[in-house]
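I have placed the structure first, in the form of structure tokens, so that the comments after it can refer back to it.
Values in this text are rule-based calculations from the coordinates and carry no lab data. Note that the structure is predicted; figures quoted are calculated from it, not measured. Counting neighbours? That spans all protein chains shown, and the Cβs are built from the backbone with ideal geometry, glycine included.
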Amino acid sequence: EVVANSLAVMKYYPQARTAIELGGQDAKVIFFRQNTATGRLEVSDMRMNGSCAGGTGAFIDEIASLLKVAPEEYEALAENGTQLYDISGRCGVYAKTDIQPLLNQGVRKEDIALSALHAISKQTIGGLAQGLTMEPPIIFVGGPLCFHPTLVQAFRSKLDLRDEDILIPEKPELMVAIGAALYAGK
């Protein structure tokens, strides 16, 4: 997956310096640099969560279930959120233990949905970057980032990104497949 994603990014988005890819069960951050000898884009480092689905599409689905909304309704809920609450993005179990008391206190579902997306961005930045700088332009790849534009806005807020710092492919959910096709065509 990482190789395929990096091939697609290097071919179609050579200006990218960081790729954030959230899938259904895993999350990845790929760091790119310009090779000074060849001038070509190359991978300088990558990070992947390997042990849990925290901060992925499955995490969003779990939160949607807890909020009793269909996964396809989650984005509309989150985009109407106005207040952020501290929710763990590390694990669905921890998130549930943070969310249930908020629900019991009458916190709006919209605010919980938005807060969970901010938790994902916080987890990805802190947990996967592990001290490396997510240098813009940053390309956002994968289904959760395709179907949840509010999640991209959470990253934008946490990383203090401007419009020109954000790259969104036409079909972000297909970038890995495009990269696999590029690899197969070698």
**Item:** Amide H within-cut-off set for VAL107, under 5 Å, with H built and near neighbours excluded
**Value:** none
**Message:** Can you tell me the mean projection area, over all orientations, of the convex hull of the range 101-153's alpha carbons? Units nm², please.
**Reply:** 4.6 nm²
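Based only on Cα atoms, what Rg/Rh ratio does the range 79-186 have, Rh being taken as Kirkwood's radius? Numbers along the way, then the final one.
Working: Rg = 15.9 Å, Rh = 15.3 Å.
Value, to two decimals: 1.04.
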**Message:** Quick query: amide H of LEU41 versus all other amide H atoms, modeled in the peptide plane; which residues come in under 5 Å with a sequence gap of 5 or more or a different chain?
**Reply:** ASN35
**Area projected by the alpha carbon convex hull of the range 1-81, averaged over all directions, nm²** = 6.7 nm²
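Quick one: length gained pulling MET48 to LYS171 fully straight, 0.36 nm per residue minus the C-alpha distance? The partial results should precede the final answer.
On the way: separation 123, 0.36 × 123 = 44.28 nm, distance 2.16 nm.
Residue separation times 0.36 nm, minus the Cα-Cα distance, leaves 42.1 nm.
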**Request:** Determine the dipole magnitude for the range 85-186: charges of +1 sit on the beta-carbon of Lys and Arg, -1 on that of Asp and Glu, nothing else is charged, the reference point is the Cα centre, and the result goes in debye to the nearest 20.
**Result:** 300 debye
**Request:** Sticking with the crude label model, points 7 Å out along Cα→Cβ, report the distance from ARG40 to GLN130 in nm, one decimal please.
**Result:** 2.7 nm
**Fill in**
Inverse of <1/r> over all distinct C-alpha pairs of the range 1-157, i.e. the Kirkwood Rh in Å, gives 16.0 Å
**Prompt:** Where nothing but the Cβ of Lys and Arg (+1) and of Asp and Glu (-1) is charged, how large is the charge dipole of the chain around its Cα centre, in debye to the nearest 20?
**Reply:** 440 debye
**Message:** What does the extension gain come out to for THR97 and THR82, with contour length at 0.36 nm per residue minus their alpha carbon separation?
**Reply:** 3.3 nm
**Request:** Taking the dipole about the Cα centre of the chain, with the C-beta of Lys and Arg at +1 and of Asp and Glu at -1, give me whichever of PRO101, LEU161, VAL2 is farthest to the positive side.
**Result:** VAL2
**Request:** Whole Å is fine, so just give me how far the alpha carbon centre of the range 2-18 lies from that of the range 137-186.
**Result:** 10 Å
**Message:** Taking amide H atoms as placed 1.01 Å from N in the peptide plane, list the residues 5 or more away in sequence, or in a different chain, whose amide H sits under 5 Å from that of GLY23.
**Reply:** LYS28, GLY57
**Request:** Take peptides 22-30, 9-17 and line them up by average Cβ neighbours within 10 Å, highest first, as a rough protection proxy.
**Result:** 22-30, 9-17
**Message:** Could you tell me the calculated FRET efficiency between GLN105 and LYS158, based on Cβ-Cβ distance and R0 = 30 angstrom, to the nearest 0.05?
**Reply:** 0.75
